[in-house]
1. Where the centroid of each part is defined by its Cα atoms, how far is the stretch 261-335 from the stretch 35-70 in Å?
2. Measure out, as a whole number of angstrom, how far apart the alpha-carbon centroids of the stretch 14-28 and the stretch 115-138 sit.
3. Restricting the count to DSSP beta bridges whose residues both fall in the chain, what percent are antiparallel, rounded to a multiple of 5?
4. List the pair-distance distribution P(r) of the stretch 46-187, using every Cα-Cα distance, as the percent of pairs falling in each 5 Å bin from 0 up to the bin containing the longest distance, rounded to whole percents.
5. Once the Cα atoms of helix 225-235 and of the chain are each reduced to a long axis, what angle between those two axes, in degrees from 0 to 90 to the nearest 10, is obtained?
6. Average projected area of the Cα convex hull of the chain, in nm²?
7. Specify the angular offset, from 0 to 90 degrees and rounded to the nearest 10, of the alpha carbon long axis of helix 184-194 from the longest principal axis of the alpha carbons in the chain.
8. Dividing the Cα radius of gyration by the Kirkwood radius, what Rg/Rh value follows for the stretch 240-333?
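Read the figures in this text as sums done on the coordinates, not as results from a lab. Predicted, not measured: the structure shown is a model, and the values here were computed from it.
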């Protein structure tokens, strides 16, 4: 088997409680041809000194300080100094299974360029995993097992940020870490999708994904709900919106209203439907809301569905099937 150099990019900030376990898990990899580019993003705890000790004893660990601010600048710096033919990311508070790099490298070598290697993840926490995160883990892993990650890309980020690997030239081709768009991991997944990089199916758990109260995805403003809607709509309009179809927004809750206001601002016409009897027939933002069953009378519709209730989503999916409508082409779920 070939053994290409793998560059592991790790931004870190104030993860002194976890970063040693992260680095030990990398040192324990069965695949050994790797380098770590680990970037301190202005830590105020002992994280830097912990990593510094590792770097002094291991030439493959390269410690740098972020010259900018935030995770995107840190990733740019790490990538700039990397030399690997294959690129992967790692979170400084997570743990790699010993087989992780070997599984990802093997899959990339077997499938070639324009592919993304991923693997199954396991959420864990000292306090226990809440239902929402467990549901996300199950949903994400089911997509990864079949390689059909993009089929639900408008719901949530379908490629876990610390559990992918790609050919260096493919990462460059899709603009690497250059865009200033958050969440950066979701934006990168959309760009993989845009460039039609195939996700390689995998049924092996290779990554332990730690959850805790101060984790960035829980606390940072860029991970607020509105930013997820913004990035979904940005890429939908760029990649999958068909101006020859009649755009329909489903749902008049907060997410539906954000979508509607953005479409109005961009001058994109749309119909608006919902199941709330208190809103049906009302004029909101200059659009009269119609009931769900009005869809069958709308010529050649393409729907953005912002309905969050899981049971309602199943009913909507079944209804779309009765109308012979196809996922992505005829409708997308935004939640």
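1. 48
2. 19
3. Taking every DSSP beta bridge within the chain, about 20 percent pair in antiparallel fashion.
4. Over the stretch 46-187, the share of Cα pairs per 5 Å bin runs 2, 8, 15, 20, 21, 18, 11, 5, 1 percent.
5. Between helix and principal axis, roughly 80 degrees.
6. Across all orientations, the chain yields a mean hull projection of 17.9 nm².
7. Approximately 70 degrees, to the nearest ten.
8. On the Cα set of the stretch 240-333, Rg over Rh gives 0.92.
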